[in-house]
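K.L.:
First, the structure itself, so that you have it in front of you.
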Amino acid sequence: MIAFGLMQTHRMSEIRFPRAFRWGTATSAHQVEGNNTHNDWWAWEQQPGRIVAGDRSGLACDWWVHAERDFDAARDLHQNAHRLSVEWSRIQPETGRWDGDAIDRYREMLRGLRERGIEPMVTLHHFTNPLWFAERGGWERDDAAGLFARFVERVVPALIDFADLWCTVNEPVGWAFSAYVSGVWPPGVRSARRGMKALTQMLRGHAAAYRIIHQVQPDAQVGFANYFRLFDPAQAASPLDRLVAAQQHRFVNMTFIDGAATGRVRTLPWVVNLPEAARTLDFVGVNYYTRDMVSFDLRNPKQFFGRNYPAPGAPVSDGGYGEIYPEGLYRVLRLAAQYGKPIFITENGLPDDDDDRRPAFIVDHLSQVWRAMQEGIPVRGYYHWSLVDNFEWARGWSLKFGLIALDPATQTRTLRSSASVYAEICRDSALNPRMLERFTR
Ligand code: FCB
């Protein structure tokens with residue numbers, strides 16, 4: 001489903017991306033490594049009722065021992081980039097203890113990526129916290145940013161031989177909402193006030209990490225992965241639908257990124273001034289999955305009085321994950337472009353176990369990326385979520401996001417056909433006429 005004009009013009013011709021474009025996939029430590037026993041998610045998974053079907057991350061994709069098996073696959077699939085995260089709780093399993101072996105393992109993994117011609121992007125915080133940190137109040141503590149900064153000071157100098165592209169934190173607003181407002185993630189709090197406190201500390205943590213990284217690696221590029229979701233009023237003529245959609249947009253999409261651009265967080269009724277956070281973005285990381293239609297609904301105060309649902313009749317992905325809406329990627333790239341920085345699409349994908357929608361999803365979304373680039377929007381890379389099926393947080397193993405299917409019990413891997421489609425794109429840095437003909441309507 002690409003825009004009509006684009007379809008007409010490019011039906012048969014090739015869509016070329018720059019040669020230097022980064023083509024890869026994204027993962028996060030807890031979702032793939034296995035046996036992350038020292039973090040808050042591991043503890044959460046042991047509590048009944050927290051994860052769909054009582055699933056646990058367990059061995060996950062066994063990356064702590066065998067990541068290289070999937071790195072080989074990524075290389076064979078012509079990927080030249082990979083976004084992964086380092087697990088704070090491995091590197092600092094207890095408040096006063098640093099684990100040098102864990103750091104060595106990350107050095108080995110990053111070296112392994114580079115040896116395969118895959119350029120890493122390293123995320124420093126992707127949803128999980130060391131248990132000792134969580135038990136002492138986590139991101140609500142006044143010294144949370146300082147504790148995170150100590151971890152950054154330890155880990156970044158050890159990794160600069162193998163990485164210069166850094167993502168401080170992943171989807172801070174989505175994380176704060178799930179952990180502190182809806183309470184479906186640890187620590188399971190339901191208080192918007194406490195959520196804003198945690199989010200403010202995380203913005204401080206981001207700013208501290210930005211400075212630390214630049215001190216040890218002046219040429220580093222540092223950003224964070226912002227969750228962008230589109231909120232469209234169900235009835236464009238309804239002022240209440242429009243108002244609610246605009247509030248959700250402002251909170252979800254803009255709160256943290258505006259904080260990192262300007263040093264001010266403005267999500268009414270909160271206004272927070274953090275001058276140290278201003279101008280702490282070298283690039284904008286865009287995570288994009290879906291959009292919602294929004295109707296005014298008095299029963300949903302936690303969602304700014306909005307009820308959200310997929311556009312009626314629109315294609316949706318597995319498990320009620322949301323509408324498949326490729327044009328949304330073009331729209332969020334325009335939002336991201338306001339900040340005047342290079343852009344990486346740090347995540348984009350869908351749960352699709354039988355892979356009947358993923359090939360077209362990839363081609364359609366990349367067509368929209370190209371459309372944005374034709375308008376001069378400086379997109380530098382695309383990291384598909386994900387390389388291999390992995391532990392999908394509270395949804396456990398029920399959602400399959402991988403180009404490679406995984407049976408977590410046997411660790412058997414099977415390439416999905418979308419993996420080959422994406423491999424051709426990565427190899428040629430282009431969408432060829434054959435795939436445009438086959439997958440776009
Ligand atoms: C994003 C998360 C990532 C993964 C995908 C499906 O919101 O950053 O860890 O769960 O969704």
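K.L.:
Need one number: % antiparallel among DSSP beta bridges in the chain, to the nearest 5. All intermediate terms of the calculation are to be shown ahead of the outcome.
P.N.:
Values: 17 of 53 bridges.
Rounded to the nearest five, the antiparallel share is 30 percent.
K.L.:
Rounded to whole Å, give me the distance from the Cα center of the range 310-330 to that of the range 217-233.
P.N.:
Spelled out, the Cα-based centre of one part sits 21 Å from the other.
K.L.:
Between ARG116 and ARG136, 0.36 nm times their residue separation minus their Cα-Cα distance comes to what?
P.N.:
Numbers: separation 20, 0.36 × 20 = 7.20 nm, distance 4.06 nm.
Difference between extended and current length: 3.1 nm.
K.L.:
I need the helices of the chain that pass two filters: whole DSSP H segments spanning 30 Å or more by Cα along the axis, and mean Kyte-Doolittle score no lower than -0.5.
P.N.:
Working: long enough: 192-216 (36 Å, -0.18).
Those that clear 30 Å and a mean of -0.5 are 192-216.
K.L.:
So, with a 1.4 angstrom probe, what is the percent of accessible area on the range 175-295 that is carbon and sulfur? Show your work: numbers first, answer last.
P.N.:
On the way: 2530 of 4560 Å².
Solvent-exposed carbon and sulfur of the range 175-295 make up 55 percent of the total.
K.L.:
Per residue, how large is the accessible surface of the range 1-120? Use a 1.4 angstrom probe and give square angstrom. Before the final figure, lay out each step's value.
P.N.:
Numbers: 5040 Å² over 120 residues.
For the range 1-120, the per-residue accessible area is 42 Å².
K.L.:
Between ARG413 and ASP318, what is the spin-label point distance in nm, taking each point 7 Å from the Cα along the Cα→C-beta axis?
P.N.:
1.8
K.L.:
Work out the FRET efficiency for GLN46 and ARG154 from their Cβ-Cβ distance, taking R0 = 45 Å, and round it to the nearest 0.05.
P.N.:
On the way: r = 28 Å, r/R0 = 0.62.
Efficiency, rounded to the nearest 0.05: 0.95.
K.L.:
Using just the Cα positions, wrap the chain in a convex hull and report its mean projected area in square nanometres, one decimal place. Before the final figure, lay out each step's value.
P.N.:
Values: hull surface 78.6 nm².
Computed as one quarter of the Cα hull surface, the answer is 19.6 nm².
K.L.:
Can you give the accessible area per residue of the range 391-441, in Å², using a 1.4 Å probe? Can you show the working numbers first?
P.N.:
Numbers: 2040 Å² over 51 residues.
Computed with neighbouring chains in place, this is 40 Å² per residue.
K.L.:
Tell me the carbon and sulfur percent of the accessible area for the range 361-438, rounded to whole percent, probe radius 1.4 Å. The partial results should precede the final answer.
P.N.:
On the way: 1210 of 2410 Å².
Ligands and nucleic acids excluded, carbon and sulfur reach 50 percent.
K.L.:
Which peptide among 81-92, 44-55 comes first, and what is the full order, when sorted by highest mean count of other Cβ atoms within 10 Å? Could the numbers behind the result be given before it?
P.N.:
On the way: 81-92: 25.4, 44-55: 14.1.
Highest mean packing first, the order is 81-92, 44-55.
K.L.:
Calculate the length of the line joining the C-alpha centroid of the range 166-212 to that of the range 362-425, in whole Å.
P.N.:
Here the two parts' Cα centres lie 25 Å apart.
K.L.:
Taking a probe of 1.4 Å, how large is the accessible area per residue of the range 142-285, in Å²?
P.N.:
Working: 5430 Å² over 144 residues.
Per residue, the range 142-285 has 38 Å² of solvent-accessible surface.
K.L.:
How much FRET efficiency would the formula 1/(1 + (r/R0)^6) give for GLU14 and ASP76, where r is the Cβ-Cβ distance and R0 is 30 Å, rounded to 0.05? Don't skip to the answer; put the middle values down first.
P.N.:
Working: r = 23 Å, r/R0 = 0.78.
For GLU14 and ASP76, the calculated efficiency is 0.80.
The values are calculated or read from the model by the stated rules, or taken from the named source; none is laboratory data. Since this is a predicted model, take the numbers as computed values, not measurements. Counting neighbours? That spans all protein chains shown, and the Cβs are built from the backbone with ideal geometry, glycine included. With ligands, DNA and RNA removed, areas are computed over all heavy atoms of the protein, side chains included. Shrake-Rupley method; radii C 1.70, N 1.55, O 1.52, S 1.80 Å.
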